[in-house]
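Q: Sharing a structure with you now.
Read the figures in this text as sums done on the coordinates, not as results from a lab. For clarity, every value in this text was computed on a predicted model and none was experimentally measured. Cβ sites come from the backbone with ideal geometry, for glycine too, and all protein chains shown count toward neighbours.
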């Protein structure tokens, strides 16, 4: 993970919960492990572009809805 991950705003948890999905539900739908979803939500892991696109497609939103850079 790059050193700039602290500048990443992560909205995955709130969007997932708004969709009425558990971490397990999302992981099953996106084809990844629940541990991966948990690590992304907790800022431990920044997903690859492919994984971010898969999650966004599953949640019917854009990658930019899920992840944004801070103003700094």
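Q: Determine if the range 63-72 includes at least one residue that is in contact with a helix residue (DSSP H, G or I) (Cβ under 6 Å, 6 or more places away or on another chain) and loosely packed, with under 12 Cβ neighbours inside 10 Å.
A: yes
Q: Tally time: how many residues in the range 26-42 are part of a loop (DSSP other than H, G, I, E, B), more than 10 Å from the chain's Cα centre (by Cα) and loosely packed, with under 15 Cβ neighbours inside 10 Å?
A: 2
Q: Same structure, new question: Residues that are part of a helix (DSSP H, G or I) and surrounded by fewer than 17 Cβ atoms within 10 Å (Cβ to Cβ): does the range 8-15 have at least one?
A: Taking every residue of the range 8-15 in turn, at least one turns out to be part of a helix (DSSP H, G or I) and surrounded by fewer than 17 Cβ atoms within 10 Å (Cβ to Cβ).
Q: So if I check each of 19, 56, which one is surrounded by 14 or more Cβ atoms within 10 Å (Cβ to Cβ) and free of Cβ contacts under 8 Å to residues at least 12 places away in the same chain?
A: Matching residue, one of 19, 56: 56.
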